[in-house]
Amino acid sequence: MIEIRGLTKRYGDRTAVDDLTLTVHPGRVTGFLGPNGAGKSTTMRVVVGLDRPTAGTVRVDGRRYADLPVPLRAVGALLEARSAHPGRTARDHLRVLASTAGLPRSRVDTVLELCGLTPVADRRVGGFSLGMGQRLGVATALLGDPATVVLDEPVNGLDPDGVLWIRTLTRQLAAEGRTVLVSSHLMSEMAVTADHLVVLGRGRLVADEPTATVLRRAGTRSVRVRSPRPDDLVGVLAGDGVSLASPERGLLEVQGLGADEIGDRALRAGIPVHELTPVSASLEEAFMDLTRDDREYRTDLRQEALT
């Protein structure tokens, strides 16, 4: 369990994390989200003792990271994939770390196999691709078989097979009762991986809720309606506050009316409907709503600029 209480971290006159309080519970994957500059990486660095808090406390299973007798056995972290010496092989990099923590050499072979690195274990890390470096970073995080795993952007540079592997791995770790904290900008992946979401904006807590709750509160964005008489259906649905789009023949995307109202209008007009599907907001849309006022960097893309 990770317990953060009143955490504040300042760099000069800039506040990276502002009075943050939250608990990351074991047995579930917690997604750690926020725009660039929101304070996610800083918070993770404080958790593993790389930065000292300006104020507040951070505990892992009731202890400060610095007080853990063998930190590698308690907390595994991937914060920077390119942290291995480029002249060492992947196997030697892990062996050195295992030796410092009193871990058996067999553990090195275990994590190499788990992370798909056995075929390249004796290659120098300097020749690794970004994806292979990420896998080595995960192997390093898991070397001590820790109860708490902290992964900062673990899918960065991975191919689709690697992304699926990370998803399966993190969910397996959580199912084993471990505490799993994963940051990512890939919202579609977080939507199917994270059980719980913590969202930061400008260093402050914006949301700390189950993923399903965040999506449910974001609501329904539109209704997909399929009919053999789309033109007639447009006539009975059009009106103030209603937006209609037709991405393909026979299909309408309707905003401003609920599925019940659309079905009732079609029935009264005698228009057959073959599909009537509410389309919920995506996690990306929910995230943008949550952090609308907390994004440090904004891009204003105007249609006329693209034509």
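The table below lists the values:
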item: Out of ARG82, ARG105, ARG124, sole residue that is in the same structural domain as GLU153 (by TED's automatic domain parsing) and surrounded by 15 or more Cβ atoms within 10 Å (Cβ to Cβ); result: ARG124
item: Among (1) surrounded by fewer than 18 Cβ atoms within 10 Å (Cβ to Cβ); (2) under 28 Å from the mean Cα position of the chain (by Cα); (3) not polar (S, T, N, Q), the one test that LEU72 misses; result: (1)
item: Residue that is surrounded by the most Cβ atoms within 10 Å (Cβ to Cβ) [pool: residues in the stretch 273-292 that are polar (S, T, N, Q) and farther than 17 Å from PRO230 by Cβ]; result: THR291
item: Flag for LEU94 being closer than 23 Å to SER106 by Cβ and free of Cβ contacts under 8 Å to residues at least 60 places away in the same chain; result: yes
item: Criterion violated by ALA212 - all others in (1) assigned to a strand (DSSP E or B); (2) assigned by TED's automatic domain parsing to the domain that holds HIS25 satisfied; result: (1)
item: Residue that is closer than 30 Å to GLY6 by Cα and either of a type outside the set (Phe, Trp, Tyr) or under 24 Å from the mean Cα position of the chain (by Cα) (or both), where the choices are ALA98, ALA77, ALA90; result: ALA77
item: Scope the stretch 215-245; condition of a type in the set (S, T, N, Q), in a strand (DSSP E or B) and either in contact (Cβ under 8 Å) with a residue 60 or more places away in the chain or surrounded by 15 or more Cβ atoms within 10 Å (Cβ to Cβ) (or both); matching residues; result: THR220, SER222
item: Filter result (closer than 12 Å to VAL149 by Cα and buried (at least 16 other Cβ atoms within 10 Å of the Cβ)) within the stretch 163-182; result: LEU169, THR170, ARG171, LEU173, ALA174, ARG178, THR179, VAL180, LEU181, VAL182
item: Extreme residue, nearest to THR170 (Cα to Cα), among residues of the stretch 107-134 that are at pLDDT below 95 and assigned to a helix (DSSP H, G or I); result: GLN134
item: Residues (over 18 Å from LEU151 (Cα atoms) and buried (at least 19 other Cβ atoms within 10 Å of the Cβ)) located in the stretch 183-204; result: GLY201, ARG202, GLY203
item: Listing of strands (runs of 3 or more DSSP E) fully contained in the stretch 1-66 that carry 2 or more residues being surrounded by fewer than 18 Cβ atoms within 10 Å (Cβ to Cβ); result: 2-11, 14-24, 55-60
item: Given (1) surrounded by fewer than 18 Cβ atoms within 10 Å (Cβ to Cβ); (2) touching a helix residue (DSSP H, G or I) at 6+ places or on another chain (Cβ under 9 Å); (3) within 17 Å of GLN172 (Cβ to Cβ), number of the condition LEU143 does not satisfy; result: (1)
item: Criterion violated by GLY76 - all others in (1) over 22 Å from VAL199 (Cβ atoms); (2) modelled with pLDDT of 95 or more; (3) not in a strand (DSSP E or B) satisfied; result: (3)
item: Residue pairs meeting the criteria (Cβ under 9 Å; at least 6 apart or on separate chains; first in the same structural domain as ASP19 (by TED's automatic domain parsing), in the stretch 52-68; second in a loop (DSSP other than H, G, I, E, B) and aromatic (Phe, Trp, Tyr)); result: none
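The values are calculated or read from the model by the stated rules, or taken from the named source; none is laboratory data. None of these values were measured; they are calculated from a predicted model. Backbone-built Cβ (ideal geometry, glycine too); neighbour counts: all protein chains shown.
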